[in-house]
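*Asks:* This is the structure I have questions about; it appears just below.
The values are calculated or read from the model by the stated rules, or taken from the named source; none is laboratory data. Values in this document were obtained by computation on a predicted structure and should not be read as measured data. Note: ideal-geometry Cβ built from the backbone for every residue, glycine included; neighbour counts use all protein chains shown.
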2 protein chains.
Amino acid sequence: MMVDRLYLYDTTLRDGQQTQGISFSTAEKLRIAAALDALGVDYIEGGWPGANPTDSAFFEEVGPTRATLTAFGMTKRAGRSAENDDVLAAVLNAGTQAVCLVGKTHDYHVTAALGIELAENVANIRASVAHIVAQGREALFDAEHFFDGWKANPDYAFECLKAAFDAGARWIVLCDTNGGTLPLEIHGIVKEVIARGIPGDRLGIHTHNDTENAVGGTLAAVDAGVRQVQGTLNGLGERCGNANLTSLIPTLLLKEPYASLYDIGVSREALEGLTPVSRMLDEVLNRVPMRQAPYVGSSAFAHKAGLHASAILKDPSTYEHIEPGAVGNRRVIPMSNQAGQSNLRRRLAEAGLEVEKGDPALARILERIKQRESEGYVYDTAQASFELLARDELGRMPEFFEVKRYRVTIERRKNKYDRMVSLSEAVVVVKVDGVKKLSVSESLDNAGADRGPVNALAKALAKDLGPYQSVIDDMRLVDFKVRITQGGTEAVTRVIIDSQDGRGRRWQTVGVSANIVDASFEALLDAVRWKLIRDCGEAV
Amino acid sequence: MMVDRLYLYDTTLRDGQQTQGISFSTAEKLRIAAALDALGVDYIEGGWPGANPTDSAFFEEVGPTRATLTAFGMTKRAGRSAENDDVLAAVLNAGTQAVCLVGKTHDYHVTAALGIELAENVANIRASVAHIVAQGREALFDAEHFFDGWKANPDYAFECLKAAFDAGARWIVLCDTNGGTLPLEIHGIVKEVIARGIPGDRLGIHTHNDTENAVGGTLAAVDAGVRQVQGTLNGLGERCGNANLTSLIPTLLLKEPYASLYDIGVSREALEGLTPVSRMLDEVLNRVPMRQAPYVGSSAFAHKAGLHASAILKDPSTYEHIEPGAVGNRRVIPMSNQAGQSNLRRRLAEAGLEVEKGDPALARILERIKQRESEGYVYDTAQASFELLARDELGRMPEFFEVKRYRVTIERRKNKYDRMVSLSEAVVVVKVDGVKKLSVSESLDNAGADRGPVNALAKALAKDLGPYQSVIDDMRLVDFKVRITQGGTEAVTRVIIDSQDGRGRRWQTVGVSANIVDASFEALLDAVRWKLIRDCGEAV
């Protein structure tokens, strides 16, 4: 069988940034680009250099990538040459191997939105693409509103594509900009475009999810012959989002007929990183990962129905269309049944706690987790807090020290230069081996900047733990996440803290309270206790 | 043109309840059923009477509906007659006009999961359906794992369907139980089923979203000839959910070729209730509505890109595939670092600030927004903070009062009962009309529970603003969101606050700082200032 190469073009950093409420920092863009590159997409569209300072900074700072780095821009404006268009020049100045230019192909948009003659738009497309090609770059042409344009005036829409194609564009990308074209129509129109003379291996597809068909429309275009697929991680994007690569990649790699017909740049091994990449993106965005997300959601392989769960125990293939591990996800069988306890024992073993099958503590631990989760705690990621909870229930949690009280003061006032400045101060009182210790810290960092009350509290807590102090000296707080969530009927604050030590260990802890400082303190305390267990052992 | 009747079958109350973390009360089921009935679906599947006490109660309590109320169950078990199967009897006892029975059609499942002979399973299907029909009920047969079954053994899978059909089932529903069958395959297999002799107007489709193709697979089945569509509101359901009726209904009613080819029971007028129904369901489930949801999400008609926003101002059809009001939703034009001046003027006009085209303040406002966004602020939802920033730049921001300083103290200690308790106290010092005012508040609510430092600070700030106090007395903080983000090179805290007043106005403000209390204070201050502008005017 002939296997065709199918190319993946990621636009998370450009169209994905059009998601309402999202704006990436340069550092976040670099982190996402690195993850995309490791996953194995063919093109990474980094943004629109010149239009946006973070996009420009991204192209300056990004290092070499395996994927083809692509800058986005638009075709030259009317009334000037491609050489003299400063917007286009800024795009080229980013120095990327490939450049993707969006241009209009719908006659109504040309006259109504651009206000120029139809022929002039075609000439602009031709000149812009030729200019990119003349600079030795790979040129892509994003045909904006192509499907609506085709329905209104197929000859004109095709003329626009043909101008880009003849000018040397490597890819002509058919964009359903408004997201309103249904898969059946996409399939038919792509067939006609190919019949008119632009071969499928020069065509790409770019869909939006306004009818919940972005993935279906993309597959319909592939079925009809296109060989480049555009999309975003987690389906980010303007309005309802773009085609979701997180769903498309596993479908193309694992499912028939696609698995046999096409070769994509993502390996089976890299695919196992898909769920972590999806979760990382949500973490960057501080979004709650969508539980029902295909392939990568925490519910994607959760079997709630009793009949399903019991069949799954006999043969997972009965209710799973793929093996969850293939995409780095895992099967979930509700804690309430037998399988719940075996899951728990596996997690405890991972934490070095061997517990006999049938130990009554298992049921107590499950019960306590359920109770805590109803209060707003989460233990999926906060493995260290999970371990401490289990140890407590198993009678294997040494006390080390006792917190008697703490106090944090946050002040903001004008300084002598009449500028508002703020400062926090924390006092923590603990009892270690019967000895009371008072510690005080303030929130200023070495540069004199205020790092806030949690920072002051963390420093005060870790300042004097007597005999244990040397053990925690190499600990530091590396990440801090806050979310308002539901705890029973009240809104509460959930804090998740990532800590790291000198040996490179990294662990997560959770705290929940109506009071954000209190929630933070709880998570900090768990972080310190987990570290003491690791380095001092249980038998203190 | 011939218009076919296409039937909608809702299973929110049965398959939708398989969503992880969801269990409806009887009252909730009744409320959802009423909404579905008003919307105009043809069938409401209420649950499995006998298998689940809330389902049994639902059928007892539900009143007459326009839709055909349907009870769900399974085909009779082996070794007893349909008349003597107590599980089946419980389903019939619910007294519904229609009964839907699920049965196996995949040979492997018959032998591996049921452990019976293939022929016996066929006989069970036939006898069960005949029994329903003999009771004068409308019978539906859910062919479980049909597509996987067909791929494994098409003759056997079809034999199962045929048994139900010959026994008098009104509908044979082809179920893609594992959600792994892609639209192209569904289309092909449905065509073959029809070619073998079961007409499309006796066939239904039931898909799951495991590859993000539940909607696409459903449309592919309709294209191939089926005339009943099963799904759930908001795509609830086992694992990744069922086909989303909230997306399918507007597509079938408004979009071609479906709008011209089919008649569905939902009217254009009822469709305007779609967004409210979707939000009501999220409210029942206490879920945050998905912003990017097709048709009904709050971002579904949000135009962030500058180019899009300026075209939308000329003609909404340029970037919208349907008119938002048709589904009860509305258009949103948010601010962002990519928005152009026309978008900005439009936003200012919405805030009552008319600014001439070309006013140099426009460029300064955009510049300042860009600068603020690079520090971690976001203005696409925080419209009130956006307005204050713009007013400041336009010289239209009265000062009202000046904050001189504040101090918050958070303490946690053991009380006299040896329980840890926490308490925050805030002092705010402001100057109003030359008069210094000191206010102090603590964080306890009326029930004596600690609501945290931000609560104390909000109360102290709103305690004594002298002549303005009466204006802000009806303000309250209704939502509070926190995220850690990047501000320049440092991690900072962004707080977004929702406020509401006695007139039902609701507004959002933003604050950013390394110090979470400080970020909150900034957002609180903006909230108060916005309210004063609204109710005292500019000319103070």
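*Asks:* Restricting attention to region A:38-56, which residues are within 12 Å of another protein chain (Cβ to nearest Cβ) and under 17 Å from residue A:16 (Cβ atoms)?
*Replies:* Answer for region A:38-56, where residues must be within 12 Å of another protein chain (Cβ to nearest Cβ) and under 17 Å from residue A:16 (Cβ atoms): A:47, A:48, A:51, A:52, A:54, A:55.
*Asks:* Quick one: which residue in B:294, B:276 is within 24 Å of residue A:292 (Cα to Cα), assigned to a helix (DSSP H, G or I) and touching a residue at least 24 places away in the same chain (Cβ under 8 Å)?
*Replies:* Checking each option against the conditions leaves just B:276.
*Asks:* Let me ask another. Within region B:451-476, which residues are within 14 Å of chain A (Cβ to nearest Cβ) and not charged (D, E, K, R)?
*Replies:* Those that are within 14 Å of chain A (Cβ to nearest Cβ) and not charged (D, E, K, R): B:452, B:453, B:454, B:455, B:456, B:457, B:458, B:460, B:461.
*Asks:* For residue B:402, only one of the following conditions fails: (1) crowded, with 19+ Cβ neighbours inside 10 Å; (2) part of a strand (DSSP E or B). What is its number?
*Replies:* (1)
*Asks:* Is there a residue in region A:271-284 that is within 12 Å of another protein chain (Cβ to nearest Cβ) and either surrounded by 19 or more Cβ atoms within 10 Å (Cβ to Cβ) or touching a helix residue (DSSP H, G or I) at 6+ places or on another chain (Cβ under 6 Å) (or both)?
*Replies:* Within region A:271-284 (the criterion being within 12 Å of another protein chain (Cβ to nearest Cβ) and either surrounded by 19 or more Cβ atoms within 10 Å (Cβ to Cβ) or touching a helix residue (DSSP H, G or I) at 6+ places or on another chain (Cβ under 6 Å) (or both)), the answer is yes, since at least one residue qualifies.
*Asks:* Hey, another quick one. Hey, can you tell me all the residues within region A:420-445 that are buried (at least 17 other Cβ atoms within 10 Å of the Cβ), more than 10 Å from chain B (Cβ to nearest Cβ) and more than 15 Å from residue A:459 (Cβ to Cβ)?
*Replies:* The one that is buried (at least 17 other Cβ atoms within 10 Å of the Cβ), more than 10 Å from chain B (Cβ to nearest Cβ) and more than 15 Å from residue A:459 (Cβ to Cβ): A:432.
*Asks:* So is residue A:42 closer than 21 Å to residue A:102 by Cβ and among the charged types (D, E, K, R) or not?
*Replies:* When the stated conditions are applied, residue A:42 passes them.
*Asks:* Let me ask something else. So which of A:277, A:229 ends up being under 30 Å from residue B:324 (Cα atoms) and touching a Leu at 6+ places or on another chain (Cβ under 7 Å)?
*Replies:* A:229
*Asks:* Let me ask you something else. Quick one: which helices (runs of 4 or more DSSP H) lie wholly within region B:1-116 and hold at least 2 residues that are among the β-branched types (Val, Ile, Thr)?
*Replies:* B:26-39, B:86-93
*Asks:* Right, next: Restricting attention to region B:302-348, report how many residues are at pLDDT below 75, surrounded by 18 or more Cβ atoms within 10 Å (Cβ to Cβ) and of a type in the set (Gly, Ala, Ser).
*Replies:* 6
*Asks:* Among the residues of region A:477-500 satisfying the criterion of being more than 23 Å from the chain's Cα centre (by Cα) and surrounded by 18 or more Cβ atoms within 10 Å (Cβ to Cβ), which is nearest to the other protein chains (Cβ to nearest Cβ)?
*Replies:* A:492
*Asks:* If you don't mind, another one. Of the residues A:210, A:223, which is among the charged types (D, E, K, R), at pLDDT 95 or above and under 28 Å from the mean Cα position of the chain (by Cα)?
*Replies:* It is A:210.
*Asks:* Please find, among B:40, B:79, the residue that is at positive phi and modelled with pLDDT of 95 or more.
*Replies:* Matching residue, one of B:40, B:79: B:40.
*Asks:* Does residue A:237 qualify as being crowded, with 24+ Cβ neighbours inside 10 Å and at positive phi?
*Replies:* Taking the combined requirement at face value, the residue satisfies it.
*Asks:* Any chance you could count how many residues in region A:279-291 are part of a helix (DSSP H, G or I) and either free of Cβ contacts under 8 Å to residues at least 60 places away in the same chain or of a type in the set (Lys, Arg) (or both)?
*Replies:* The number of residues fulfilling the criteria is 2.
*Asks:* Considering (1) away from chain A (no Cβ under 12 Å); (2) in a loop (DSSP other than H, G, I, E, B); (3) hydrophobic (A, V, I, L, M, F, W, C), say which one residue B:532 fails and leave the rest.
*Replies:* Condition not satisfied by residue B:532: (2).
*Asks:* Scan region A:1-58 for residues that are within 17 Å of the chain's Cα centre (by Cα), farther than 26 Å from residue A:177 by Cβ and charged (D, E, K, R) and jot them down.
*Replies:* Once the filter is applied, which keeps residues that are within 17 Å of the chain's Cα centre (by Cα), farther than 26 Å from residue A:177 by Cβ and charged (D, E, K, R), region A:1-58 yields A:31, A:37.
*Asks:* Among the listed residues B:465, B:457, B:423, which satisfies the condition of being under 30 Å from residue A:23 (Cα atoms) and modelled with pLDDT of 90 or more?
*Replies:* So the residue among B:465, B:457, B:423 that is under 30 Å from residue A:23 (Cα atoms) and modelled with pLDDT of 90 or more is B:457.
*Asks:* Moving on. Which one of B:366, B:389, B:353, B:344 is closer than 30 Å to residue B:515 by Cα, away from chain A (no Cβ under 14 Å) and of a type in the set (A, V, I, L, M, F, W, C)?
*Replies:* Within the list B:366, B:389, B:353, B:344, the selection yields B:389.
*Asks:* Being over 23 Å from residue A:281 (Cβ atoms), within 14 Å of chain B (Cβ to nearest Cβ) and among the acidic types (Asp, Glu) is true for just one of A:86, A:107. Which residue is that?
*Replies:* A:107
*Asks:* So in region A:392-413, with the set limited to residues that are away from chain B (no Cβ under 14 Å) and not hydrophobic (A, V, I, L, M, F, W, C), which one is nearest to residue A:460 (Cα to Cα)?
*Replies:* A:399
*Asks:* Under 9 Å between Cβ atoms, at least 6 apart or on separate chains: pull out the pairs that start in region B:315-330 with a residue that is at the interface with chain A (Cβ under 9 Å from one of its Cβ atoms) and in a helix (DSSP H, G or I) and end on any residue that is exposed (fewer than 15 other Cβ atoms within 10 Å of the Cβ) and among the acidic types (Asp, Glu).
*Replies:* B:317/B:323
*Asks:* May I ask you to say which residue of B:10, B:86, B:37, B:42 is free of Cβ contacts under 8 Å to residues at least 40 places away in the same chain, closer than 25 Å to residue B:273 by Cα and in the same structural domain as residue B:132 (by TED's automatic domain parsing)?
*Replies:* Among B:10, B:86, B:37, B:42, only B:37 is free of Cβ contacts under 8 Å to residues at least 40 places away in the same chain, closer than 25 Å to residue B:273 by Cα and in the same structural domain as residue B:132 (by TED's automatic domain parsing).
*Asks:* Any residue at all in region B:141-154 that's assigned to a strand (DSSP E or B) and either surrounded by fewer than 24 Cβ atoms within 10 Å (Cβ to Cβ) or facing another protein chain (nearest Cβ under 10 Å) (or both)?
*Replies:* Yes, region B:141-154 contains a residue that is assigned to a strand (DSSP E or B) and either surrounded by fewer than 24 Cβ atoms within 10 Å (Cβ to Cβ) or facing another protein chain (nearest Cβ under 10 Å) (or both).
*Asks:* Restricting attention to region A:52-67, which residues are closer than 20 Å to residue A:90 by Cβ and buried (at least 18 other Cβ atoms within 10 Å of the Cβ)?
*Replies:* Answer for region A:52-67, where residues must be closer than 20 Å to residue A:90 by Cβ and buried (at least 18 other Cβ atoms within 10 Å of the Cβ): A:52, A:54, A:55, A:56, A:57, A:58, A:59, A:62.
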